[in-house]
1. Under the definition of partner shielding as Cβ atoms of other protein chains within 10 Å of a residue Cβ, what is the mean value for peptide B:185-194?
2. Order of B:Met463, B:Met407, A:Met41 from fewest to most other C-beta atoms within 10 Å?
3. B:Ile309's amide H: which non-local residues (gap 5+, or another chain) put their own amide H closer than 5 Å, with H modeled 1.01 Å from N in plane and none for Pro or chain starts?
4. Give me the percent relative contact order of chain A, please, defined on Cα pairs under 8 angstrom at least 6 residues apart.
5. Hey, what angle do you get for helix B:3-25 against the long axis of chain B, alpha-carbon based, 0 to 90 degrees rounded to 10?
6. Inside 10 Å of the C-beta atoms of B:112-118, what's the mean count of C-beta atoms belonging to other chains?
7. Provide A:His3, B:His322, A:His31 in ascending order of the number of other Cβ atoms located within 10 Å of each residue's Cβ, fewest first.
8. Under the definition of Cα pairs under 8 Å and six or more residues apart, what whole-number percent is the relative contact order of the stretch B:1-82?
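We did not get these values from a lab; they are worked out from the coordinates using the rules stated. Small disclaimer: the values here were computed from a predicted structure and weren't measured. Methodologically, a virtual Cβ is constructed for each residue, glycine included, from the backbone with ideal geometry; neighbour enumeration extends over all protein chains shown.
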Amino acid sequence: MEHIFTFFSSHQQMIFMLILMVFVGIEVIGHVPSVLHTPLMSGANAIHGVVIVGAILVLLNADVNKPLTLVFGFIAVILGTLNVVGGFVVTDRMLEMFKKKPKK
Amino acid sequence: MNSTLLLDIIYLVASVTFILGLKMLSKPESARNGNLIAAAGMTAAILGTIFLRNNQIPSIIYILLFAAIAIGTIIGWMTAKKVKMTAMPQLVSIFNGMGGGCAALISLMEFPEHAGHMKLMITVMAGLVIGSVSFSGSVVAFLKLNGNLNSNPRIPFYNVINALILVATLGFAAYISFAGVKDMNMGVIALAMALLYGVMFVLPIGGADMPVVISLLNSFTGLAAAAGGFLYHNEVMLTGGILVGSAGTLLTVAMCEGMNRSLFSVVFGAFGAGSAAAAAGTSATGGTIKDISVADTAVLMNYAKKVVIVPGYGLAVAQAQHVMHELEALLEERGVEVSYAIHPVAGRMPGHMNVLLAESNVDYAKLKEMDDINPQFDTTDVVLIVGANDVVNPAAKTNPQSPIYGMPILEVERAKSIIVNKRSMNAGYAGIDNELFYQPKTSMLFGDAKKVVTDLVAELKSM
């Protein structure tokens, strides 16, 4: 139990943000038409690519004398970039097709 | 102004763009701009993280960093631009897996730094386990959708075995966090267990449920990113990750509702496995099927007043959407009313078919959603079903034993005549028989969708 309290007190601000973000996420998505499920999933997919920020931090703080860390950091940044760039570009390509529709 | 404060402000702005972006993505008019806004926020957050630093970084690290970003950007951009629209679902899946793998690697590298430190190890292990499950699960989902892995192997008691692997993985990760294990090898073992669980989790799930699984894994990766946010006290990772985690979960549930299935039954699935009995039931009702020629189909359609086209994944695979549009235009020219009936899960993902048809310039107003088109089938002369199967299977309404029982379907059997184009009598993606094909009103037009529709156009032109 003590562990939980110390965890809470040291991450208090983060936990507040976490709880609020859960509700924001639910609010933002509510009542989405099924036509947009795929682009929305794809867009959300690109946004969680924000994990790349963590990969960059790890690589920037990596010890130059530990080659394994550098290799892992390098790969992590590649993976994160793929997620971000691929995610946003593919979403844009999907949505581009919606826009081209001729209106009657 | 000091750079730390500036970075905090950038992170705040980026978080707002993520929220705005998602909000705008859920409306057709603003969707594209929403995506661009979120992308701009992401770029700012990445650049800020790299350049707004107080400490000195060795140049070798900068070289590695920019090389990695360049490689990722080029590969990601090219793949996303080049891939066929039909392959969209598996592409989303693999990009999702990359994010999961990234989160798992970060945790693996942080393991030796924080080992023994309980508070931080909880977040390290959470990122490690969730990221790994998302990575291996997404790769399996990619292989399945891409057709490299067609079977849905179900080892006996796979539910029990999967549950055991899951409990063991979580238990082991918790043990590492709380008991202050410092041995790096233990971290690698936990990683391997989580990777194994990801494979075992997705492997038995059948094709029709794959979009739901991708959406679920998508929200997992969001959680893994959020775990990283906790670890680094990094606001933008936390907000972005949690936002996707919660929105993704809601989206997953919405997709399940579209197919009238519960998330529980998707994950612990009765799909496919439980259908042996149902399949036996439907084949008993089976009778003879009736063939129809291209010429007869053309005549039938030419003299119809109202034609409804039901496009399915088969149409997309055959790349027949362009020639389909040509057929539609030709019929319209001759005074036939043509519309497309789009099932919510037509294609491989909700909304996938709309994207494909929009690509070939089909008028948006002609795409009718299920609830709008169903009452119109009574007055429809000809229904042309191209490469769709499960979404028109009446078993969903009539056979409680069927695995798709309860899924809303397009009620094509109310039309005067039904023409089904398929390559063969193989069962649909859900792997179940379709009694519609045996009904007296139904005629089968076998052949590749693109060839058949092209022949239809030629035949109509000569009439």
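1. For peptide B:185-194, the averaged partner shielding equals 0.
2. Arranged by neighbour count, lowest to highest, B:Met463, B:Met407, A:Met41 become B:Met463, B:Met407, A:Met41.
3. B:Ser339, B:Tyr340, B:Ala341, B:Leu384
4. Relative contact order, chain A: 29 percent.
5. Computed tilt is about 10 degrees.
6. 1
7. Least crowded to most crowded, the residues run A:His31, A:His3, B:His322.
8. 28 percent.
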